[in-house]
Structures are given as structure tokens and as C-alpha cells.
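K.L.:
Okay, here's the structure, questions in a sec.
Just so it is clear, none of the values below were taken in a lab; they were calculated from the coordinates. Remember, it's a predicted structure, so these values are computed and weren't measured experimentally. Note that we place each Cβ from the backbone using ideal geometry, even for glycine, and neighbour counts take in every protein chain shown.
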Amino acid sequence: MASTHTCFEIVHFAFLPNVTLPRQTDAMNELGVWAATQPGFLSRQSFHDPRRSRWTDVVEWSSLDQATAAMERSQREPALAGVMALIDPATLHAGHFEKRI
């Protein structure tokens, strides 16, 4: 049965140490442009922790199914390969949370 609740995708990560903050910001913008074209996309906010040089991305989707499908597509999307290569995979933590209240 398909989910009918909106879903928040929350992703915490750091870029590789050699990636400058301006390049990180450009990469985050590239991710946002791509996400906005995906089915079920509602909104996105990105936050940077300058003390730890980490990012938190919060994307709202129409449903858990659409959020999951978009995340899977992002891993295979040739246009995002360059951005994904800049992210330190050891720091990547992601979750999908359905809005219930």
C-alpha cells in the first residue's frame, strides 16, 4: 500500500576535506536544482555547520515512496556523479520520516 503522508528526507554529511566551501555551496545548489525536478518534491532547505564543516539537507516530499525513489535515482543520475564524488561517504547518514502529527 502506498504511503499517503508527506515525508521529510534528512541527510547529514560532509564533503571531502579538499572541497572548498564555495564548491560545496555550488554542489548543494546543483543537488537542489535536480531535486526540484523530481516527482513529489515539495521543498528543500540546506544547513551548514561551519564549526564541523558538515551539512544537513532537509527535503520534503509528497510521500515516502516518492522520497525513496528520488534518492535511488540520485545515486544513478549521471548529472549528479560529479557532486556525489565530492561527498565523504563515511559521513553520510540519511533517513526518511513520515509526517504523522
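K.L.:
Looking only at residues in the stretch 39-69 that are out of contact with any strand residue (DSSP E or B) (no Cβ under 7 Å at 6 or more places or on another chain) and in a helix (DSSP H, G or I), which one is surrounded by the fewest Cβ atoms within 10 Å (Cβ to Cβ)?
P.N.:
If we take residues in the stretch 39-69 being out of contact with any strand residue (DSSP E or B) (no Cβ under 7 Å at 6 or more places or on another chain) and in a helix (DSSP H, G or I), then Ala69 is surrounded by the fewest Cβ atoms within 10 Å (Cβ to Cβ).
K.L.:
For the stretch 1-37, give me each residue that is crowded, with 16+ Cβ neighbours inside 10 Å, part of a loop (DSSP other than H, G, I, E, B) and either in contact with a strand residue (DSSP E or B) (Cβ under 8 Å, 6 or more places away or on another chain) or of a type in the set (Asp, Glu) (or both).
P.N.:
Result: Ser3, Thr6, Ala14.
K.L.:
Whether any residue in the stretch 78-99 is among the basic types (Lys, Arg), surrounded by fewer than 14 Cβ atoms within 10 Å (Cβ to Cβ) and without any contact (Cβ under 8 Å) to a residue 24 or more places away in the chain is what I want to check.
P.N.:
no
K.L.:
Quick check on the stretch 70-101: of everything there that is outside any helix (DSSP H, G or I) and small (Gly, Ala, Ser), which residue is nearest to Val19 (Cα to Cα)?
P.N.:
Ala85
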